[in-house]
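What follows is one structure encoded as structure tokens, with my remarks underneath.
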Amino acid sequence: MRRITRNVTRVFTGAESRAFDSRAIEVFEIPGIRLMHRAGRAAFEVLRDRWPAARSITVVCGAGNNAGDGYVVAGLARDAGLGVDILQVGDPDNLKGEALDAARFAQARLGADLGRTARPWCPSGDVVVDALLGTGVRGEVRADFVDAIVAINATGKPVLAVDVPSGIDADSGALLTPDPVRADVTVTFVAAKLGLMTGDAVDYVGEVVFDDLDLPCAVYDRPGVTVLNGEGVDALNRRRGAHKGDSGRLLIVGGETDMGGAVALAGEAALRTGAGLVSVATREENRAAILARRPELMVRATRSAADIVDLVERASAVAIGPGLGRGKWGRELLAYCANVGKPLVVDADGLNIVADSDVELPPNTVITPHPGEAGRLLGQDSAWVQAHRPAAAAALADDAKVAILKGAGTLIAQAGAVRSICVDGNPGMATAGSGDVLTGIVGALLARGLAPPLAADLGVWLHARAGDDAAAATDAVPVASDFVAALRLSA
């Protein structure tokens, strides 16, 4: 399972990280070569900790500052008595500034040229250090670098990536080449990179270790994106004298014929998240099964919007979309619920209807699309969304709406900007009904009076933690009902 060091509380784009680096040098007068040596030492210490039996390393370098970090690793490794092989990709004459100083540091210890450039070559060390491409790379990767990436992956040796695996976009998590470096550990510096935590990149970064290089806190003059940690969950504990009316009323709307399980899961999740009263408006065919499964739910057979007027009026919040279908029934119900002004969470077919119609969602709405639904809302395909996850999430959160872009490294955006990211969760959560559980959780939090941004943040984190707890409790692939059973509101 992917691991991320727990000292990561905020993440930043690669551009922001480079700005912090420049600010440390220019404003706080920390020499760039000193920062490079700190980065190289941090990476080398992780290498020694993870692979203590390694007796040799191969450092694969490009020509930028990322290569400079790698050269420092090479020099430190030779000082420690390890065998060191440096493979230089591109012209070493392009090295300049601190990167050139770092290369000379390594050269003085190895007593050799800056690196072999002959082809073909194969990294031979017990551990391969990827110092090819850093956070500044954009667009298509050059052919000689692609060849090097292929060679690194072909070794079967453990790989330590310096700052970011080569071929990964540090801002978005997009893949800049079809098969980037597959790192076992990525040591990232100055600022933890957003692109390491979300999208397709999560399959390549391995364990992510962050080192701030002892920079002053004042270097960080931008807020970044918050890493969710469950802050605020203790406030969900009910006071001893509470009654059910204190915890809000949630109405869940959905469950077209043959899709009643979706609203049942959402309803169960809402109850487990502490909503005081949960009503489900669904097709008549689903009513008996839902009540048999969960008698605590109040289930209303619904033929049209006229059947739910009183339920909507009494509700503190409304959740609509699970199993809703895209037919006339679902469209009428969504149009009505979107116009009553109650806090709203919209998922699944509710989002598909919005994408295909002129239904306007109110400002106090939380939407929870997966990449396919997000693409339909934005007029793009899911591949585009995955390659531009932060931008897509921001675009979905227009006006005052809150958007939860689901997937590995779920992003939460508000008012056109990404506000938070969830790095918890596991691949087993990519299963039918998982999104319905999230809808029920967020709906319950809205019903309990949480503002949409906080309901989204806390709801995503509770959902992810339940998924991790459920996965830990079984050797089989967990199912959505397991996530409901694993929900807990304690810290």
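What the table below lists for this structure:
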item	result
Test: residue in region 364-381 that is over 23 Å from ARG465 (Cβ atoms), among the polar types (S, T, N, Q), open to solvent by less than 50 Å² (accessible area, probe 1.4 Å) and at pLDDT below 95	yes
Only listed residue being in a loop (DSSP other than H, G, I, E, B), open to solvent by less than 30 Å² (accessible area, probe 1.4 Å) and farther than 29 Å from THR226 by Cβ, chosen from GLY90, GLY68	GLY90
Residue within region 126-133 that is within 16 Å of the chain's Cα centre (by Cα), in contact (Cβ under 8 Å) with a residue 60 or more places away in the chain and part of a loop (DSSP other than H, G, I, E, B) present	no
Per-region count, region 220-241, residues loosely packed, with under 14 Cβ neighbours inside 10 Å, assigned to a loop (DSSP other than H, G, I, E, B) and touching a Ser or Thr at 6+ places or on another chain (Cβ under 9 Å)	1
Counted residues, region 253-306 - those being part of a helix (DSSP H, G or I), touching a strand residue (DSSP E or B) at 6+ places or on another chain (Cβ under 7 Å) and under 28 Å from ARG488 (Cβ atoms)	8
Sole exception among (1) more than 28 Å from ASP349 (Cβ to Cβ); (2) open to solvent by 10 Å² or more (accessible area, probe 1.4 Å); (3) of a type outside the set (Gly, Ala, Ser) for THR257, by number	(1)
Matching residues, region 311-323, being part of a helix (DSSP H, G or I) and in contact with a strand residue (DSSP E or B) (Cβ under 9 Å, 6 or more places away or on another chain)	LEU311, VAL312, ARG314
Selection status of ALA413, modelled with pLDDT of 95 or more, closer than 22 Å to ALA262 by Cα and surrounded by 17 or more Cβ atoms within 10 Å (Cβ to Cβ)	no
Criterion (farther than 21 Å from SER172 by Cα, open to solvent by 10 Å² or more (accessible area, probe 1.4 Å), touching a residue at least 40 places away in the same chain (Cβ under 8 Å) and of a type in the set (Gly, Ala, Ser)) met by exactly one of GLY433, GLY425, GLY443	GLY433
Residue identified as outside any loop (DSSP other than H, G, I, E, B), closer than 21 Å to PRO371 by Cα and open to solvent by 10 Å² or more (accessible area, probe 1.4 Å) among ASP171, ASP200	ASP200
Options GLU231, GLU256: the member that is modelled with pLDDT under 95 and either of a type in the set (D, E, K, R) or under 30 Å from PHE44 (Cα atoms) (or both)	GLU231
Yes/no for ASP79 being surrounded by fewer than 18 Cβ atoms within 10 Å (Cβ to Cβ), under 32 Å from the mean Cα position of the chain (by Cα) and not hydrophobic (A, V, I, L, M, F, W, C)	no
Residue match in region 96-113 (condition: open to solvent by less than 20 Å² (accessible area, probe 1.4 Å), outside any helix (DSSP H, G or I), touching a Lys or Arg at 6+ places or on another chain (Cβ under 9 Å) and not polar (S, T, N, Q))	no
Pair list, Cβ < 7 Å and 6+ apart or interchain, from region 315-337 residues that are farther than 17 Å from VAL366 by Cα to residues that are open to solvent by 20 Å² or more (accessible area, probe 1.4 Å) and polar (S, T, N, Q)	ARG331/SER357; GLU332/SER304
Hits in region 449-471 (condition: farther than 17 Å from VAL437 by Cβ and either open to solvent by 30 Å² or more (accessible area, probe 1.4 Å) or touching a helix residue (DSSP H, G or I) at 6+ places or on another chain (Cβ under 8 Å) (or both))	GLY449, LEU450, ALA451, PRO452, LEU454
Candidate set from region 352-403 (those that are part of a helix (DSSP H, G or I) and over 21 Å from the mean Cα position of the chain (by Cα)); member that is farthest from ALA456 (Cα to Cα)	ASP356
Region 306-348 - residue that is under 21 Å from ARG448 (Cα atoms) and among the acidic types (Asp, Glu) and, of those, surrounded by the most Cβ atoms within 10 Å (Cβ to Cβ)	ASP347
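The values are calculated or read from the model by the stated rules, or taken from the named source; none is laboratory data. Because the structure is a prediction, the values reported are computed rather than measured. Backbone-built Cβ (ideal geometry, glycine too); neighbour counts: all protein chains shown. Only protein heavy atoms, including side chains, enter the accessible area calculation; ligands, DNA and RNA are left aside. Shrake-Rupley method; radii C 1.70, N 1.55, O 1.52, S 1.80 Å.
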